[in-house]
Amino acid sequence: MKTIVEKSMLGRAWVVSDCDEISDNDLMRCVLRNRGVADSDTEKFLNPSIHDYMPDPFVLHDCERAVGIISDAILKNEKIAVYGDYDVDGVTSTAVFIKYLRGVGADVIWHLPTREGEGYGLNPDAVRDLHEKGAQLLITVDCGISGGAEVAIAKQLGMRVVITDHHSPDAVIPAADAVVNPKRVDDDSGLTYLAGVGVAFLVLVALNRKLKSVGAPELLEKINSVNLMEYLDCVALGTICDTMALVGLNRAFVATGLKVLSLRKNIGLKALMEIAKVDKVSVYTAGFVLGPRLNAAGRLDSASPALDLLLTDNPLVAHDLAIKLDDLNHERIGIQNAIMDQATALADKCCARGKCSLFICGDNWHGGVMGIIAGRIKDRYNLPTCVATRVDGVINGSGRSVAAINLGAIIHDALSRGLITEGGGHAAAAGFSLPAERETEFCEFLEKSVLEQLNGKKPNCDVLVDAEMDAAGATMQLVRKLQKLEPFGQGNPEPILALRGAVLNFATVMGRGATHLRGAFRTSTGGRLDFVGFNLVGTPVGDFLLDDANINTKIMVLGRLCENSYNGRVNAQFVLEDIAI
């Protein structure tokens with residue numbers, strides 16, 4: 001490793017990986033090495049397939065018991081209730097389970113909790129309501145692992161319960177009939193990186209196998225009409241939007257799922273892509289174009305329109321739902337931007353006190369955008385961040401974390417100590433609730449816990465750069481090479497490049513919220529490199545680039561190189577993250 005920039009405009013050091021053992025132009029091998037991919041695994045990594053990565057689903061603890069219970073309910077024509085969550089992972093998990101159960105002729109109902117009214121996870125009243133509607137089997141997807149009390153209620157009512165989840169368990173696992181969660185301490189599947197929809201899909205693969213072995217001829221006909229591969233568009237969306245690591249099976253899920261998504265066989269997703277003007281399907285369009293629109297319903301009201309969109313076979317209904325989700329997303333952006341200004345001002349004050357974590361709380365902020373704002377502030381300050389709203393004496397919030405901090409573990413610890421009343425999550429993201437009078441205590445606990453994980457040191461602000469090169473080399477030819485590494489995401493990020501010799505041509509503000517930048521650099525060969533910079537307005541980088549006095553200034557730029565397609569024109573575009581003089 002060597003440091004090429006001691007302190008950038010955003011206060012970070014740029015550290016380039018050591019690729020001295022290979023030639024300078026062998027960027028691909030350098031990037032693969034940075035991701036821990038051995039030369040012998042290169043082919044499998046570059047061409048991820050379900051066939052190569054798919055395990056026996058019964059390797060998941062309790063999976064065999066779970067599918068036995070579910071198949072028994074199907075064969076007896078019992079009413080089955082699917083209980084999901086309001087984010088994209090939860091909605092896609094619910095959708096694939098409903099699609100399959102409907103496909104094999106099961107009697108199925110479902111419930112998605114509201115973020116503001118019920119909150120995350122199982123709700124006692126909802127469990128009772130499902131029982132009153134005749135549900136004899138309750139299946140949870142992307143939730144349930146922290147619902148011990150609610151599972152006990154379901155059992156008292158005579159319901160059987162199967163939990164499928166991927167969130168970190170509490171010390172005591174709910175007394176359900178089966179609990180499928182790769183994060184169980186007694187699960188040795190090695191699939192802890194799966195999203196909730198990934199776990200749900202594996203259970204469906206196992207269930208499909210089970211039903212084929214025991215089904216009557218009329219059931220076998222229905223089973224054979226179901227194509228689980230067609231569900232992988234939903235699996236990819238849930239995995240990407242829940243920011244799961246794109247390694248192992250997830251990499252195959254997403255690579256194959258994006259191909260399925262591009263076929264536009266799901267009527268609802270096809271309509272949403274048309275409304276959102278999605279031409280080319282990618283991890284970016286899934287995570288930053290489709291995902292926010294599917295999430296918007298659950299953030300502002302009920303996630304039901306998003307689920308209805310994924311389930312409908314009616315193009316007219318799909319079109320109306322897509323427009324509704326698009327409108328809700330625009331509404332969400334307006335709410336989010338207004339709160340973001342206030343939250344950033346509070347974050348500045350916290351940082352001025354030299355804290356290693358951020359807890360930001362406002363009165364009557366909309367709870368549906370807390371997670372997005374936490375993520376933005378985390379990125380801005382490189383600190384684990386919790387953002388919360390204080391309403392009627394209760395604080396509800398979401399947190400996002402940096403690589404060095406397991407926020408989910410901190411939230412679970414706070415819950416076990418009785419410091420918060422509800423909470424759960426994983427290393428990168430978590431949610432929580434607590435009485436307003438314990439705000440200071442929780443804030444101090446968060447800071448103390450972060451310091452313990454850091455051994456008293458501040459989070460590292462170094463940026464690992466995959467390669468340093470001249471800006472003139474940032475061409476479509478290089479873009480095509482880098483695209484072979486897709487899909488990009490957590491665990492396999494887009495390569496970070498440091499470009500020398502970029503000369504500022506122009507920069508201007510873009511976007512509805514006027515928070516983004518677009519512009520162009522000139523290179524040493526006289527070429528032009530277009531750039532965009534998301535959420536850089538108001539930062540030192542944005543201030544520098546928007547100052548006309550800095551036009552024609554030679555700088556180093558940090559970011560990612562991608563393909564940009566507009567009005568039939570395809571060119572290389574740099575996604576700017578930082579600059580150095």
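Per this entry, Lys355 is not counted among residues that are modelled with pLDDT of 90 or more, of a type in the set (Lys, Arg) and buried (at least 16 other Cβ atoms within 10 Å of the Cβ). Total residues in the stretch 293-305 satisfying the condition of being within 16 Å of the chain's Cα centre (by Cα) and either surrounded by fewer than 19 Cβ atoms within 10 Å (Cβ to Cβ) or modelled with pLDDT of 95 or more (or both): the figure is 2. Within the set Val180, Val141, Val185, the sole residue that is under 17 Å from Cys63 (Cβ atoms), out of contact with any Gly (no Cβ under 9 Å at 6 or more places or on another chain), touching a residue at least 40 places away in the same chain (Cβ under 8 Å) and of a type in the set (Val, Ile, Thr) turns out to be Val180.
If you go through the stretch 174-186 and pick out every residue that is among the acidic types (Asp, Glu) and under 21 Å from Ser71 (Cβ atoms), you end up with 1.
Here Val151 fulfils each of the conditions (1) assigned to a helix (DSSP H, G or I); (2) under 20 Å from Gly105 (Cβ atoms); (3) in contact with a Ser or Thr (Cβ under 9 Å, 6 or more places away or on another chain) apart from (2).
Looking only at the stretch 81-88, decide whether some residue is modelled with pLDDT of 95 or more, over 21 Å from Asp242 (Cα atoms), surrounded by 24 or more Cβ atoms within 10 Å (Cβ to Cβ) and touching a strand residue (DSSP E or B) at 6+ places or on another chain (Cβ under 6 Å).
Looking for residues that are modelled with pLDDT of 95 or more, over 21 Å from Asp242 (Cα atoms), surrounded by 24 or more Cβ atoms within 10 Å (Cβ to Cβ) and touching a strand residue (DSSP E or B) at 6+ places or on another chain (Cβ under 6 Å), one finds at least one in the stretch 81-88, hence yes.
Identification of helices (runs of 4 or more DSSP H) wholly contained in the stretch 209-289 with 2 or more residues that are surrounded by fewer than 19 Cβ atoms within 10 Å (Cβ to Cβ) and modelled with pLDDT under 95 yields 217-225.
Yes/no matrix, rows are residues, columns are (1) within 23 Å of Asn364 (Cβ to Cβ); (2) surrounded by fewer than 23 Cβ atoms within 10 Å (Cβ to Cβ); (3) at pLDDT 95 or above; (4) touching a helix residue (DSSP H, G or I) at 6+ places or on another chain (Cβ under 7 Å):
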residue	(1), (2), (3), (4)
Val387	yes, no, yes, yes
Val394	yes, yes, no, yes
Ala403	no, yes, no, no
Asn406	no, yes, no, yes
Asp413	no, yes, no, yes
Arg417	no, yes, no, no
Thr421	yes, yes, no, no
Gly425	no, no, no, yes
Ala430	yes, no, no, yes
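Close contacts from the stretch 294-305, counting a first residue that is farther than 17 Å from Ala271 by Cα and in contact (Cβ under 8 Å) with a residue 24 or more places away in the chain and a second that is surrounded by 21 or more Cβ atoms within 10 Å (Cβ to Cβ) and basic (Lys, Arg), with Cβ to Cβ under 7 Å and a gap of 6+ residues or different chains, come to Gly298/Arg115; Arg299/Arg115; Arg299/Arg332; Leu300/Arg332. The residues of the stretch 478-515 that are surrounded by fewer than 17 Cβ atoms within 10 Å (Cβ to Cβ) and not hydrophobic (A, V, I, L, M, F, W, C), listed by number, are Arg480, Lys481, Gln483, Lys484, Gly491, Pro493, Asn505, Thr508, Gly511, Arg512, Gly513.
Quick check: anything in the stretch 526-541 surrounded by fewer than 17 Cβ atoms within 10 Å (Cβ to Cβ), among the acidic types (Asp, Glu) and either touching a residue at least 12 places away in the same chain (Cβ under 8 Å) or more than 22 Å from Leu485 (Cα to Cα) (or both)? Checked against the condition, which is being surrounded by fewer than 17 Cβ atoms within 10 Å (Cβ to Cβ), among the acidic types (Asp, Glu) and either touching a residue at least 12 places away in the same chain (Cβ under 8 Å) or more than 22 Å from Leu485 (Cα to Cα) (or both), the stretch 526-541 yields at least one hit. Taking first residues from the stretch 382-394 that are over 16 Å from Met340 (Cα atoms) and partners that are in a strand (DSSP E or B) and hydroxyl-bearing (Ser, Thr, Tyr), the Cβ contacts under 7 Å between residues at least 6 apart in sequence or on separate chains come to Val394/Ser433.
Residue check: Ser71 meets all listed conditions (1) modelled with pLDDT of 95 or more; (2) in contact with a Leu (Cβ under 7 Å, 6 or more places away or on another chain); (3) exposed (fewer than 15 other Cβ atoms within 10 Å of the Cβ) but one, namely (3). Within the span defined as the stretch 128-137, one or more residues are of a type in the set (Lys, Arg), in the same structural domain as Ala95 (by TED's automatic domain parsing) and farther than 22 Å from Val203 by Cα.
Could you please let me know if Leu32 is over 23 Å from Ile223 (Cα atoms), buried (at least 17 other Cβ atoms within 10 Å of the Cβ), touching a Phe, Trp or Tyr at 6+ places or on another chain (Cβ under 9 Å) and not aromatic (Phe, Trp, Tyr)? Taking the combined requirement at face value, the residue satisfies it. Restricting attention to the stretch 114-141, the residues being under 21 Å from Gly238 (Cα atoms), buried (at least 19 other Cβ atoms within 10 Å of the Cβ) and in contact with a strand residue (DSSP E or B) (Cβ under 8 Å, 6 or more places away or on another chain) number 6. Only one of the numbered conditions (1) within 21 Å of Arg12 (Cβ to Cβ); (2) of a type in the set (Lys, Arg); (3) assigned to a loop (DSSP other than H, G, I, E, B) is not met by Arg512, and that is (1). Counting only residues that are within 23 Å of the chain's Cα centre (by Cα) and among the aliphatic types (A, V, I, L, M), the stretch 340-362 holds 4 of them.
The values are calculated or read from the model by the stated rules, or taken from the named source; none is laboratory data. From a predicted model like this one, the values you see are computed outputs, not experimental measurements. Here the Cβ is made from the backbone with ideal geometry for all residues, glycine too, and neighbour counts use every protein chain on show.
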